[in-house]
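Trainee: Provided herewith is a single structure, encoded as structure tokens, for subsequent inquiry.
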Amino acid sequence: MKRRGILYFAGVLLLLTGVGWMQSWNVAFGILNMCLISAIMALGVNIQWGYAGLFNAGIMGFVALGGLSAVLVSVMPVREAWAIGGGGMAASLLVLAVTVGAIFFIRKRLSSPFRFWAVVLVSLAGFLVMRSLYLPAAELIESINPAQTGFLGGFGLPIIFSWMIGGAVAAGAAWLIGKLSLGLRADYLAIATLGISEIIIAIIKYEEWLTRGVKNVTGLPRPVPYEVDLVEAGWLLDLSQYLGTGLTETASLLVKICYFLLFLGVLAIIMTLSERALKSPWGRMMRAIRDNRDAASAMGKDVTSRHLQAFVLGCAVCGIAGAMLVTLDGQLVPASYFPLRYTFLIWVMVILGGSGNNWGAVLGGCIIWFLWIEAEPLGYWLVHAITFPLEDGYWLKQHLVDNAAQTRLILMGAILLIVMRFAPKGLIPER
Amino acid sequence: MDILNAVVLFGNFVIIPATTYGAQLALGALGITLVFSILRFANFAHGELMSFGAMLTLFLTWYFQDAGIHAGPLPTVLLALPAGILGAIAMALVTERTVYRFYRSQKANSITLAIVSVGVMFVMAGLIRFMIGPDEHVMSDGARFLFKASEFRQATGLREGLAIKTSQVITVGVAVLMVAALFWFLHKTRTGKAMRALSDNPDLALLSGINPDRIVAVTWALTAVLAAVGGALYGLDKTYKPFVFMQLLLPIFASAIVGGIGQPVGAILGGFVIAYSEVILTYAYKKFLTYLVPESWAPEGLVQLLSTDYKFAVSFIILVVVLLIRPTGIIRGKVL
Amino acid sequence: MSFLSATGMSGGYGTGPDIIHECDLEVEAGKVAVVVGPNGAGKSTAMKGVFGMIRLREGRVMLDGRDITALSPPERVSAGMAFVPQTGNVFVSMSVQENLEMGAFVREDDITGTMRQVFNLFPVLKDKRKQIAGELSGGQRQQVAIGRALMTEPRLLMLDEPTAGVAPIVMRDLFERIRDITATGVAVLMVEQNARQALEIADRGFVLVQGRNRFTDEGRALLANPEVRRSFLGG
């Protein structure tokens, strides 16, 4: 079994080397870096689905929260915006906190007939007061230099901190969401998390005072050198001459390798921790609960709180990956978050790799990301091959060529269906 | 007079759009509910099935438009719809035969089936985008309005106008017909009763000699009819965009669950609850209130509870609240 | 040979161990046969074996001289058998009349005559035929369940603990109705917890212990048998 796993990984490396030779090493390392991020996301989902059997269809939301953290950590604060609207925002946050506190108090203290209406009344009143403070503050903040900032900015810290903080933010959100929804049966949980992730994306997209929304935040600082600086260094010239590649190409390859080393380090740490957790008594209990929930709860295991732990941990890992992703891109583009890409694709990775097996999740992450990228040229090639008899410029051919990239969705679906049908344990099955 | 203006305003911007949208959601939610009660899983591919039916309808509509075939004042889509329905039925039956039947024979659990439906969703989404591309298309033609706001103003002398689009009347009318036909089928025909029996108690249905494979095929066919009609009506009322149906899946699921999963009446009720909540919570009441209160009290802001950006979020806030305080839904559904 | 004769049945659930061992059950047309025994004796399993709901490793089931061992449960329904499970034996969300219609699902001919007969047997169902079965009392539900099974006009009616959870007075009434059913020539095979009362109306009784036949005799004879009384009827 172990040998098979090694073979698979060797296969992926071979494929990437092939891309390096045939296309370019820049492309190969670009794919590889995204493979690593995908692998981390898949590890996060594996903690939830593989260990605990939780169907979280809201991965996108936690990935996006990680991405948001990258912005909030690294961008310089916009002092004017803080001065003009910070107070209003803080006040509305305070009102929110007081309202939530009041609701908890009411739920604890009041008896049934009044409770419901009291909660409705308090939340409505709190909402209206909060809104009256928040709306003007948001408008003020957004009015400060809208073309460049128009938001509060961040803390101006090195972006690498955001990887931890992104994990923590995602974990916090997951704790809240898990508290609310983990009691639900499996398919309701999936639908509820799918919805919550859409709400998170909506907030990131439309709360411009916090995120600049669809105006995007670009040019985030990097944890690795910039190409322009590298090009000026003398040793790079020697290196590029030695390698026989262009100067800018070498620089950009070097940057990608720096990211690669960083990402590999993070993956190694998360992988080690996940493997330890899986083999610990905690992991064994988790799987016992997954395999027979009723028996486990009859034995006195607190199923819901174990599920909450797995949910929070998995989401934290997804948050880390989300922050890394935005760091790599150097920008946050809220409109680019789609469930197909950030939730269900990760699911395909975990299921292909082997639910419950961390190595499988990593493998699945790498393979699926590779295919997701390479299916595009493959799709073009395929469509060209099929439409070969048609002459160029014929509408049907043009139409099919234009939409060839969409074949990758079909490929992903087919992989998921074939694995579920013929190898439900995945490529590297759980031991 | 001002009260009348306020009522007309409310009707034009809240009641009419919400009713139309509610009818569309109800059709979608009915499909989700049928699959849930007979096959017992949450079908993530349902949005794409709607999209598929709408796309085929659109293709034929283009053909008819090119060939100069029109339905007079009615949109050409209505002529093309039967083909869209047939195509959706074929699609649903093919997935049943090639994908879902295997898992039923394995007695797979509902989560496995839900994940499998994600795979079907991917394939369908890819197929649709491959065939029609990712762009937006207008589906409506013929007479745009039953009557326009200006005509209404002239006829009544009110300051506010009330416009009713042809597509809105068709949407509601067709939805009512569909729902009536579905309920007649479920309660009056032998096959329909057998569907309810299978949903109620599969073991006993088997003992009674009801063939589940046949009933499941009928269920998929009905689901596809509802999906194609719902999808085409949505496209007719707004526009056809492939990715919209992934977003639409959320309010549809919410409608089915809020109403009471497995209960057709609940799905309809849920559709309207979600639609009305979305519109009511995101409508700006400034003008409405200005008509009703003395001039000096007139509100300054938009008087909007939630910005329209959060329209889709509303359905999920409602869903989460309902799941927390009454997980069985408004009409007590089956929680299997 | 008897109308139903199941001989040498051995089998269990799935790939698990055998629950019944070389078990024999039989019943004549127009007669009542009752299977009794302690908890876990394999009574229900034996019934499922007769109806084809478990796979028999060994043994044969003959109905009216025809070997039906290989038939599926729905095929056995068509062959003239009907089965009323112990739980989940009505469609709770459907009306009484719809329950009966579903019972007759395999029939293509006119079912109004059969329905009239069921209503004659259980007059209360006629009054409540529009009512949802899930809202009926326990005894009435059992009547719906039996009525549903009778809709195929079976020649063998199998009942798994028809009196579970109903009041004693209702139980007596149900047993009387079951005797009425046999008057039309239907054979009845049932499993019962209320062994004493059931054996009183039984033409034949089978005492199962640990999946094997322990005693087989006429109902009254078993009631009179001191060993049976001591071990299974509480003295």
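Each value in this text was obtained by applying a stated rule to the coordinates, not by laboratory testing. What you see is a predicted model; the values in this text were computed from it and never measured. A quick note on method: Cβ atoms are made from the backbone with ideal geometry, for glycine too, and the neighbour counts reach across all protein chains shown.
Trainee: Give the residue from B:Ser277, B:Pro212, B:Phe44 lying farthest towards the positive end of the charge dipole for the range B:3-325; charges sit on Cβ (+1 for Lys and Arg, -1 for Asp and Glu) and the dipole is referred to the Cα centre.
Mentor: B:Pro212
Trainee: Determine the shielding of peptide A:410-418 by partner chains: average, over its residues, the number of Cβ atoms on other chains within 10 angstrom of each Cβ.
Mentor: Working: counts 9, 3, 6, 12, 4, 2, 8, 11, 1.
Per-residue shielding by partner chains comes out at 6.
Trainee: Can I ask one more? Going by the alpha-carbon gyration tensor, a ≥ b ≥ c the square roots of its eigenvalues, is the range A:327-431 rounded (a/c under 1.5) or, if a/c is not under 1.5, prolate (a/b greater than b/c) versus oblate?
Mentor: Working: a/c = 2.92, a/b = 1.60, b/c = 1.83.
In terms of gyration-tensor shape, oblate.
Trainee: Then there's this: Which value in nm describes the separation of the simple spin-label points at C:Arg55 and B:Ile325, placed 7 Å from the Cα toward the beta carbon?
Mentor: According to this spin-label approximation, the distance is 5.2 nm.
Trainee: While we're on this one: Label A:Leu14 and A:Ile269 with points 7 Å out from Cα along Cα→Cβ: what is the distance between them in nm?
Mentor: The two pseudo-label positions are separated by 3.4 nm.
Trainee: Suppose R0 equals 45 Å; then what is the FRET efficiency for C:Asn120 and C:Thr15 from their Cβ-Cβ distance, rounded to the nearest 0.05? Walk me through the numbers on the way to the answer.
Mentor: Numbers: r = 46 Å, r/R0 = 1.02.
Once rounded, the FRET efficiency stands at 0.45.
Trainee: Let me ask you something else. According to the square roots a ≥ b ≥ c of the eigenvalues of the Cα gyration tensor, what is the shape class of chain A, taking rounded for a/c under 1.5, prolate for a/b larger than b/c otherwise, and oblate for the remainder? Kindly include the intermediate steps, with their values, before the conclusion.
Mentor: Details: a/c = 1.75, a/b = 1.24, b/c = 1.41.
It comes out oblate by the Cα gyration axes.
Trainee: Testing the spin-label approximation: label points 7 Å from Cα along Cα→Cβ at B:Glu300 and B:Phe59. State their distance in nm.
Mentor: 5.7
Trainee: For the range C:140-235, which GluC sites (Glu not before Pro) are in a loop by DSSP, counting at most 16 other Cβ atoms within 10 Å?
Mentor: On the way: sites: C:Glu176, C:Glu192, C:Glu200, C:Glu218, C:Glu227; in loops: C:Glu192, C:Glu218.
Those satisfying the criteria are C:Glu218.
Trainee: Something else: For the Cα atoms of chain B, what angle does the longest principal axis make with the long axis of helix B:110-132, in degrees from 0 to 90, nearest 10?
Mentor: 60
Trainee: Let me know the mean shielding of C:95-102 by other chains, meaning the per-residue number of their Cβ atoms within 10 Å of its Cβ. Working shown, then result.
Mentor: On the way: counts 2, 0, 0, 5, 5, 0, 5, 14.
The mean count of partner-chain Cβ atoms within 10 Å per residue comes to 4.
Trainee: Then there is this: Count, for each residue of B:299-306, the Cβ atoms from other chains sitting within 10 Å of its Cβ, then give me the mean as a whole number. Write down the numbers at each step before the final one.
Mentor: Details: counts 0, 0, 4, 1, 0, 2, 4, 2.
That works out to 2 on average.
Trainee: Quick check on the exposure proxy: order C:Ser10, A:Ser143 from fewest to most C-beta atoms within 10 angstrom. Don't skip to the answer; put the middle values down first.
Mentor: Values: C:Ser10 17, A:Ser143 14.
Placing the least packed residue first, the sequence is A:Ser143, C:Ser10.
Trainee: Fewest to most neighbouring Cβ within 10 Å: what's the order for B:Val138, C:Val191?
Mentor: Taking fewest neighbouring Cβ atoms as first place, the list is B:Val138, C:Val191.
Trainee: Check which residues have an amide H placed less than 5 Å from B:Ala71's amide H, if you skip close sequence neighbours.
Mentor: So B:Ala71 has HN proximity to B:Thr76.
Trainee: Take the alpha-carbon centre of the range B:295-334, take the same for the range A:115-180, and report the distance between them in whole Å.
Mentor: The two parts, judged by their Cα centres, are 19 Å apart.
Trainee: Determine which residues of the range B:278-301 fall in the zone a paramagnetic label at B:Thr156 would reach in this model, i.e. backbone nitrogen under 20 Å from the point 7 Å along Cα→Cβ.
Mentor: Under 20 Å, as judged by backbone N against the label point of B:Thr156, lie B:280, B:283-293 of the range B:278-301.
Trainee: What is the distance in Å between the Cα centres of the range A:17-47 and the range B:116-158?
Mentor: One Cα centre to the other: 39 Å.
Trainee: Let me ask something additional. Which of the DSSP-defined H helices in chain A satisfy a minimum axial length of 18 Å, computed from C-alpha atoms, and a minimum mean Kyte-Doolittle hydropathy of -0.5? Display every interim value, and only then the final one.
Mentor: Working: long enough: A:2-22 (30 Å, 1.00); A:25-45 (30 Å, 1.82); A:59-74 (23 Å, 2.12); A:87-109 (32 Å, 1.40); A:112-143 (46 Å, 1.14); A:161-181 (30 Å, 1.22); A:186-206 (30 Å, 1.47); A:247-279 (47 Å, 1.42); A:303-329 (39 Å, 1.31); A:358-386 (39 Å, 1.05); A:407-422 (22 Å, 1.95).
TM-like helix candidates: A:2-22, A:25-45, A:59-74, A:87-109, A:112-143, A:161-181, A:186-206, A:247-279, A:303-329, A:358-386, A:407-422.
Trainee: Counting helices only, and only those DSSP H runs with n ≥ 4, report the 222 nm mean residue ellipticity of the protein assembly as shown as the sum of -39,500 (n - 2.57) divided by its residues, in deg cm²/dmol to the nearest 500. Before the final figure, lay out the partial values.
Mentor: Numbers: 43 runs with 633 residues, N = 1002.
The per-residue figure over the protein assembly as shown is -20500 deg cm²/dmol.
Trainee: May I pose another question? For the range A:102-188, what does the alpha-carbon gyration tensor say about shape, rounded, prolate or oblate, given a ≥ b ≥ c as the root eigenvalues, a/c under 1.5 as rounded, and a/b over b/c as prolate?
Mentor: Working: a/c = 3.05, a/b = 1.40, b/c = 2.18.
Taking the square roots of the gyration eigenvalues as a ≥ b ≥ c, the range A:102-188 is oblate.
Trainee: Nearest 10 degrees, 0 to 90: what angle lies between the long axis of helix B:311-325 and the longest principal axis of chain B (Cα atoms)?
Mentor: Around 60 degrees separate the two axes.
Trainee: Further, regarding this structure: Just rank A:Thr149, C:Thr45, fewest to most, by other beta-carbon atoms within 10 angstrom. Please list the in-between numbers first.
Mentor: Details: A:Thr149 20, C:Thr45 23.
Fewest-to-most Cβ neighbours within 10 Å comes out as A:Thr149, C:Thr45.
Trainee: Which residue, A:Val98, A:Val73, A:Val224, has the most motion in a Gaussian network model of chain A that connects Cα atoms within less than 10 Å?
Mentor: A:Val98
Trainee: If amide H atoms are built 1.01 Å from N in the plane of the peptide, which residues on other chains or at least 5 residues away come under 5 Å of the amide H of C:Val84?
Mentor: It is C:Met158, C:Leu159, C:Asp160, by chain and number.
Trainee: Also: Distance between the C-alpha centers of the range C:86-140 and the range A:310-357? Whole Å please.
Mentor: Using only Cα atoms, the two centres lie 54 Å from each other.
Trainee: Continuing with the same structure: On a 28 Å Cα-Cα criterion, which of the cross-link pairs A:Lys279/A:Lys301; A:Lys205/B:Lys238; C:Lys43/C:Lys128 come out too long? Intermediate results must be reported in sequence, preceding the final value.
Mentor: Numbers: A:Lys279/A:Lys301 18 Å; A:Lys205/B:Lys238 23 Å; C:Lys43/C:Lys128 33 Å.
Violating the 28 Å Cα-Cα cut-off are C:Lys43/C:Lys128.
Trainee: Now a separate question. With an 8 Å Cα cut-off and a minimum separation of 6 or more residues, compute the relative contact order for chain A in percent.
Mentor: Values: 650 pairs, mean separation 132.8, N = 431.
Relative contact order of chain A: 31 percent.
Trainee: Continuing with the same structure: Report the net charge of residues surrounding A:His384, where surrounding means a beta-carbon distance below 14 angstrom and charges are Lys +1, Arg +1, Asp -1, Glu -1. Walk me through the numbers before you get to the answer.
Mentor: Working: positive: A:Lys397; negative: A:Glu376, A:Glu391, A:Asp392, A:Asp402.
Result for the neighbourhood of A:His384: -3.
Trainee: Under a straight-distance cross-link criterion of Cα-Cα below 27 Å, which lysines are reachable from C:Lys126, leaving out those fewer than 8 residues away in the same chain?
Mentor: Filter leaves B:Lys188, B:Lys193, C:Lys31.
Trainee: What list of ³J(HN,Hα) couplings, whole Hz, do you get for the range B:182-198 from phi and the Karplus terms 6.51, -1.76, 1.60, once you set θ to phi - 60° and write x for glycine and proline?
Mentor: 4, 5, 4, 4, 5, 9, 10, 9, 4, 5, x, 5, 5, 4, 5, 5, 5
Trainee: Name the long-range amide H neighbours of C:Asn213: under 5 Å, sequence gap of 5 or more, or other chain; modelled H, no Pro or chain starts.
Mentor: Amide H to amide H, under 5 Å and 5 or more residues apart or across chains, C:Asn213 pairs with C:Asp24.
Trainee: Each residue of the range C:93-105 in turn: what ³J(HN,Hα) in whole Hz from Karplus with 6.51, -1.76, 1.60 and θ = phi - 60°, glycine and Pro shown as x?
Mentor: Once rounded to whole Hz, the list reads 8, 10, 6, 4, 4, 5, 4, 5, 4, 5, x, 8, 4.
Trainee: Let me ask something additional. Using a 10 angstrom cutoff on alpha carbons, build the Gaussian network for chain A and name the most mobile of A:Phe62, A:Phe388, A:Phe338.
Mentor: Between A:Phe62, A:Phe388, A:Phe338, it is A:Phe388 that shows the largest mean-square fluctuation.
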